[in-house]
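Here, each number is a calculation from the coordinates, and none is a lab measurement. A quick note: this is a predicted structure, and the numbers were derived from the prediction, not measured. Heads up, the Cβs are rebuilt from the backbone with ideal geometry, glycines too, and the neighbour counts pull from every protein chain shown.
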Amino acid sequence: MPASRLDANRWTLGRAAVAAGFFIYFFLFVWRQVDPELFYHGDMVVLGPERHVSFPVFQTGTDFFLEHARQPGGVATYLASLLAQFCYYPAGGAAVLTLVAMTLFHGTLVVGRVLSLDGHAATAYVAPLAILGILCSFVLPLSAIVSIVIALYGVAGFAVSARLVRGFWPRAAIYGAWCVPLCWCLGGGVLVFAVAVSLIEHNLRTPLLPWVCPSAGCGILLLAIYVRMMTQPDRGFHFTWERLASESLRAAVPSAVYLIQVVLMAVWSLVVRRRRQRLNASSSLASGRDRLFRGLVSVALLCGAAVLVSFGLLNYEARGVLRANCLARKEMWAELLREVRQNPPAAYPPGLLVDINRALHECGRLGDEMFLFPQNPAFLIQTADKAVPHRGCHSLLLAMGCLNEAEHTIYEALEVLGSRPYILRDLAVINIVKQRPEAARVFLRLLSRDVIRGGWANECLTRLDADSALESDPLVTHIRRFAIAENRIAVPDHELPELAFQQNANNRMAFDYMMAYYLLTFQTDKVLENVRRLRDLGYERIPEHYAEAILLNWHVTGQEPDLDDWQLDASTTDRFAAFLELTRKPDRDPQAIARIVSGSYYEYYFAHRAPSS
Amino acid sequence: MTSRRVLVAVAATFAIAAACAAVGVAIWRPAPELPTTFSAAGRPARIVPDYADCWLPPNICPISFRIEEAGAEYRVHAHADACAGFVVGSRGASVSFPSTPWRNLLDGNRGGQLRFDVYVRQAGAGWRKFDSIVSQVAAEDIDPYVAYRLLGPIQVLSSNMGTYQRELSTYVQTPILESKEGSSRRCVNCHTFANNDPDSMVLHLRGAEGTALLVARNGRVSKVDTRRSEHAPPGSYGAWHPNAKLVALSFSAMVQFFHTAGNRRDVFMFDSDLGVLSVESNRVIACPAIADPDYVETFPCWSADGKALIFSRTKRQWTDRTGNEGPVPPVYKDVRFDLMRIAFDPDTCTWGDLETVLAADRVGLSIVEPRVSPDNRTALVTMTDYGCFPIFRDSSDLYFVDLNSGAYRPLSANSPESDSWHSWSRNGRWIVFASKRETGVFSRLFFSYVDRDGRDQKPFPLPQKNPDFYDALLDNFNAPEFAVKPVGVNQREFLRAIYRTSTLPVKSDLPDYGLPNTAPAYGTPGAPPAFRME
């Protein structure tokens, strides 16, 4: 304990400075390295086996609130969903996440003070460090954190309200008055409240209550989960105690993880007290220099832990994939290509491939560079339920003019994923294009409840009032221009670009994807056949992969191609000649061959073609 | 410490008193009064939904609407010739009416007119009174319940749907059988009641738990497998005989397919036969005339006296009956169904002659979903440009067909969008149908009065407490069926039948032509794919 008031102030200022420094670092790291925007746009991005990002939806209005409030833990989930929306803004999201971590830190300090724990200021950093580590893995457990924070302040509230009350029954009544609503609002987070209150009661030596509190807390949580299960007809019908136990355990996991920190705080408090007792017994008081030394060591340890956790746990692979996805969602195509070239992922999720191909097309490079990336004809263009996990698919279909297929795909996504803002937005656009403004209004009214996209939706509603066809909107005009008008049924996905191109010979996107499909399915003759269309589409030269396909076709068929005034680049023909030369040698050098063909169509062709071709 | 306690007690007392006062004010607000000075607007106010010229049942719940006139305050005076009515006020444009005064107003004015006088006060200006919006109160009640499917705009995958019932004198909607999270995403459809009485009902079920017909009679539910063989289609579209012992079923092999332009979704019926399930003997009775391999028979409906079966039929113009030779035959857009009738003796279960009531060639449209009026004179049908799934076709409209003469006429209630899936009330004065008239995408339920001369009146939508209810609702109301009482079986009983009851096989007299069960699989939603694609 500091000897004088001045020392106490210095001690408090010192701690405040350390905390401020830590959370500034937290904020800057989350903002610049983690980037909350990646969470916002990362919905449905696959990050690993059985793991994908799921970003919560939030809507203003009482309906959405009541939908959550009817379930245990729903209020915490509601608040967490609201806070998560700020991740749309990188700095704003980082600020919100830092604030949440700060409230968790402060709540831990408050509980430590209430429990009269010594040295809790140091151990209170464990929770925000854990949050930092979790964010570095690109998991956003806001709902669990919010429920724990509220539970911690609930402990403080209980301590204040029960301060003047003595006796088992009055204190039990106050505990019940806090516990029941907290349980309904927080779900599993109530266990933190229950355990912390039991420790308070233990300190106060209240009879029985230290045992009643956690038991009652667990019982109320079980009851709340039971009620939720029974209100869902099938779940209620299949009710078993095992299922109840398993759901309760799942709800209790975040609290259990947090309570480890409480245990740590209690253990550390014991250590600190014993050391103080030893110091007091030896009648030696720690000198100011000793305290400063210990403070500096603590700060150094904290800094080391922060750096270790943040940079050590940062999942660079996931960040790369999420960054690419974020750039695709923002239609920053050149930046997306730069990102995947600079930080190529170890494995390419199909959704990323869809976005890369789109980016290559938008940058005019699909015919030149698509084989720099792993390709699979099954993922070139997908519709309906297959495309639900890949967000780029329906916007690709829409841009290509496959209006009905885009609509089908987005409706499947709506049914599976719910009213995500990007789904509502695209459905509104589709219905505007189809001259169904009233249907578009339904989607837009729902979207207007989104805190981020609501402004756009309201603006769109206003524009629809003035012009129900939105003739002046460039996106609408573009889609209408290229929309497939010919009615055919059950068209396979891979034939859609061809159909769209037949509808409109200016549809360069359809042409690019059509040619990409020919390349992926070794139809080099079709590539050659369509070279004559390049000039009409604004090409100034034959793209590299088309040229490679033409050379392959020439080599296989022996017929010189008619290129209709086009010339093949000398570098392309030289490369092919060198490749043939190397393959003809009896002692083929695989590495030399690989160097020649790397990133070319030849590599894909010979690696994947059917033996007969 | 004592003063602190006193302070806390005083603060708590004030807080409780303020809360009580607020509640009191909210509950015991004085009724708004009609403005005494106002200017005349010279036209009726625009309201949504539009109830002008609608016929309302005297036992319907209070309607609500939004006044589409700019203003800072609104008053609505609902009254009738024989009743002063009541006044409601609102600062917002949405207006709803209190239950008791509404019920008294309608009940006391059966057969009379109902007027809504709308007053709007603009900010900084006086009141404007709009011309009365006039509706009619019918003399006859509407059936007290309507059952329907409620589902999102699902295509193939489904995760959330159910069959519900709504009490029409209130806003209460209760589930009959839901399919939500944890339900293995089953599809429930084709709920049918005998004589509008849910004491006898069937419900078709399809999902991971298998395909079955749930038969609920007098509080007990059984699960029946109506398929004639393992891979044959089950009975789906059902119609109870008036004796509540027989159910006519359609055993249909259908597929959903998609267009690249225009109406996106479509359904093709490769083949279908009709059979009659005897719920007492658990046997499907067949008749060659309604299970002809050269024809596609579907949409059965009994006449009101049970002496005839009305249905839709088309000649099968394609050879592929299984869907294995290609997705859908190119003639799909030329398929039109005739309206047929076959005599039936319910005492001996024997069949009479088959005759055409109305040929598709005569009208140039496909005639499906017949429903015979309780007076046995008229069939209410849906006609569409082709095919058997009118809810997917904008061209679908409702028609009355005279069962004696074959004369037909469209309902005045039709709209440019799809109108289909209809049901008669037991007294034959009301019809309910699903219509996409408001958006072209989302189907809502509409009610229309049919007078004794067979004229239908302007329809009105299923009333909701909040007039903005449908504005942002993505769900579709589908397959409405009137009911004279609530379904007597609760959801738990249905679930018990689904999960715990063994399926009763049915002895089927239907010939097995090798029809496939091509019903679309309602599987689990698409999960994110495997991670690696190197």
Chain B: relative contact order as a whole-number percent, Cα under 8 Å and 6+ apart
16 percent
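Given a Förster distance of 51 Å, report the FRET efficiency between B:THR356 and A:HIS555 from their Cβ-Cβ distance, rounded to the nearest 0.05. Let's see the in-between values first.
Details: r = 67 Å, r/R0 = 1.31.
Working from the Cβ atoms, E equals 0.15.
Between B:THR174 and A:HIS238, take the C-beta separation as r, use R0 = 22 Å, and let me know the FRET efficiency to the nearest 0.05. Before the final figure, lay out each step's value.
On the way: r = 21 Å, r/R0 = 0.96.
The pair B:THR174/A:HIS238 has a calculated efficiency of 0.55.
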What's the local net charge at B:GLY352, with K and R +1, D and E -1, over the other residues with C-beta under 14 Å away?
-3
Table column - 3J(HN,Hα) (Hz), the stretch A:571-577, Karplus curve with 6.51, -1.76, 1.60, x for Gly and Pro:
5, 5, 5, 4, 4, 5, 5
Tell me which GluC sites (Glu not before Pro) from the stretch B:208-308 have a DSSP coil assignment and no more than 11 other beta carbons within 10 Å of their own.
B:GLU230, B:GLU280
Placed amide H near B:LEU114: partners under 5 Å, 5+ positions off or other chain
B:SER135, B:GLN136, B:VAL137
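If neighbour count is taken as other Cβ atoms inside 10 Å, put A:GLU369, A:GLU486 in order from fewest to most. Provide the component values of the computation, followed by the final result.
Details: A:GLU369 19, A:GLU486 13.
Lowest to highest Cβ neighbour count: A:GLU486, A:GLU369.
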For the stretch A:167-268, I need the span (max minus min coordinate) of the C-alpha atoms along each principal axis, in Å, sorted largest to smallest.
46, 32, 21
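Tell me, what is a quarter of the convex hull surface for the C-alpha atoms of the stretch B:370-463, in nm² with one decimal? Don't skip to the end; give the middle numbers.
On the way: hull surface 23.1 nm².
Taking a quarter of the hull surface, the average projection is 5.8 nm².
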Only residues of the stretch B:359-375 count here: report those whose backbone N is under 19 Å from the spot 7 Å along Cα→Cβ of B:LYS333, or say none.
B:361, B:364-367
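Under 11 Å from the Cβ of B:PRO62, count the other residues' Cβ atoms, weight Lys and Arg +1, Asp and Glu -1, and hand me the total.
On the way: positive: B:ARG103, B:LYS465; negative: none.
Here the count lands on +2.
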Restricting to Cα pairs below 8 Å that are 6+ residues apart, what does the relative contact order work out to for chain A? Please round to a whole percent.
12 percent
Of the trypsin sites (Lys or Arg not before Pro) in the stretch B:146-223, which ones lie in a loop per DSSP and count no more than 10 other C-beta atoms within 10 Å?
none
With runs of 4+ DSSP H residues as the only contributors, calculate the mean residue ellipticity of chain B at 222 nm using -39,500 (n - 2.57) per run, divided by the residue total and rounded to the nearest 500.
-3000 deg cm²/dmol
Run through the stretch A:28-89 and list the trypsin sites (Lys or Arg not before Pro) located in a DSSP loop whose Cβ has at most 16 other Cβ atoms within 10 Å.
A:ARG70
Value of relative contact order over the stretch A:474-580, rounded to a whole percent, pairs C-alpha under 8 Å and six or more apart
18 percent
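Rounded, prolate or oblate: which fits the protein assembly as shown, taking a ≥ b ≥ c as square roots of the Cα gyration tensor eigenvalues, rounded meaning a/c under 1.5, else prolate when a/b beats b/c?
Numbers: a/c = 1.87, a/b = 1.17, b/c = 1.60.
Oblate shape, in that a/c is at least 1.5 and b/c is the bigger or equal ratio.
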Which value, in debye to the nearest 20, gives the size of the charge dipole of the stretch A:229-327 about its Cα centre, when Lys and Arg are +1 and Asp and Glu are -1 at the Cβ?
720 debye
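Would you kindly state how much longer the chain becomes between A:VAL299 and A:THR477 on full extension, computed as 0.36 nm times their sequence separation minus their alpha carbon distance, in nm to one decimal? Before the final figure, lay out each step's value.
Details: separation 178, 0.36 × 178 = 64.08 nm, distance 6.01 nm.
Residue separation times 0.36 nm, minus the Cα-Cα distance, leaves 58.1 nm.
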Two pseudo-spin positions, 7 Å from Cα along C-beta at B:ARG5 and at A:GLU335, lie apart in nanometres by 6.4 nm
Under the 0.36 nm per residue contour assumption, what length would be gained going from the current alpha-carbon distance of A:ALA16 and A:SER468 to full extension?
156.9 nm
Sequence of B:THR348, A:THR60, A:THR108 once ranked by neighbouring C-beta atoms within 10 Å, starting from the fewest:
B:THR348, A:THR60, A:THR108
Multiplying the sequence separation of B:ASN263 and B:ASP53 by 0.36 nm and subtracting their Cα-Cα distance, what value in nm do you get?
72.4 nm
HN-Hα J in Hz across the stretch A:261-277 - Karplus 6.51, -1.76, 1.60, θ = phi - 60°, x for Gly and Pro:
4, 4, 4, 4, 4, 5, 5, 5, 4, 4, 4, 5, 5, 5, 5, 5, 4
Could you check the simple spin-label distance between A:ALA570 and A:SER116, using points 7 Å along Cα→Cβ, in nm with one decimal?
9.1 nm
Within straight-line cross-link reach of B:LYS436, lysines at Cα separation under 20 Å, skipping those fewer than 8 residues along the same chain
A:LYS434, B:LYS458
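Which value, in debye to the nearest 20, gives the size of the charge dipole of the protein assembly as shown about its Cα centre, when Lys and Arg are +1 and Asp and Glu are -1 at the Cβ?
Working: 114 positive and 113 negative charges, 1261 e Å.
Approximately 6060 debye in magnitude.
For a Förster distance of 60 Å, can you work out the FRET efficiency between the beta-carbons of A:ARG595 and A:ILE452, rounded to the nearest 0.05?
Numbers: r = 48 Å, r/R0 = 0.80.
According to the calculation, E is roughly 0.80.
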